[in-house]
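First up is the structure itself, then whatever we jot down about it.
Please treat every number below as a calculation from the coordinates, not as lab data. From a predicted model like this one, the values you see are computed outputs, not experimental measurements. Cβ coordinates were reconstructed from backbone atoms using ideal geometry, including for glycine residues, and neighbour counts include every protein chain displayed.
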């Protein structure tokens with residue numbers, strides 16, 4: 001009797017436990033999706049399928065839009081090695097131009113500083129105002145031009161970089 005009672009209690013507990021537990025969100029989503037997915041009906045073409053094929057190769061004519069686009073674009077007949085060499089040559093020229101412009105700016109800056117020192121060292125106000133001030137103005141204009149040239153050279157080099 002005890003055994004029958006314990007078996008009945010077990011089934012009763014299992015029934016109560018089964019009724020209280022709800023499905024998890026994952027189980028609900030799986031049930032809502034409609035079951036297992038159907039296999040794809042597409043066939044993967046392999047090399048063996050191509051060898052067995054007895055069809056003919058058809059080459060379609062190019063689209064009229066692409067013909068017009070290629071006709072207007074100039075064809076570059078240089079090889080990639082020639083393109084790289086030309087790009088490298090242009091980059092080297094830009095670097096030389098920058099180096100030259102930077103040296104000119106440095107030299108003119110030193111010259112401007114020398115003229116300024118000479119201005120303050122001179123005791124004669126007439127000579128200082130007439131001669132040294134004119135030299136200072138001329139050197140200042142040359143320095144401004146050299147700085148503009150340096151900026152242009154740097155901009156040109158930036159355009160060459162990929």
**Within region 120-162: backbone nitrogen closer than 12 Å to the residue 80 label point (7 Å, Cα to C-beta)** = none
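So for region 79-160, averaging the separation of alpha carbon pairs under 8 Å that are six or more residues apart and normalising by length, what relative contact order in percent results?
Values: 41 pairs, mean separation 40.8, N = 82.
50 percent.
Classify region 79-160: rounded, prolate or oblate, from the alpha-carbon gyration tensor (a ≥ b ≥ c, eigenvalue square roots; a/c under 1.5 rounded; otherwise prolate if a/b is larger than b/c)? Don't jump to the answer; show the numbers that get you there.
Values: a/c = 6.28, a/b = 4.46, b/c = 1.41.
Verdict is prolate for region 79-160.
Would you list 23, 152 from fewest to most Cβ contacts within 10 Å?
Values: 23 10, 152 13.
Result, fewest neighbours first: 23, 152.
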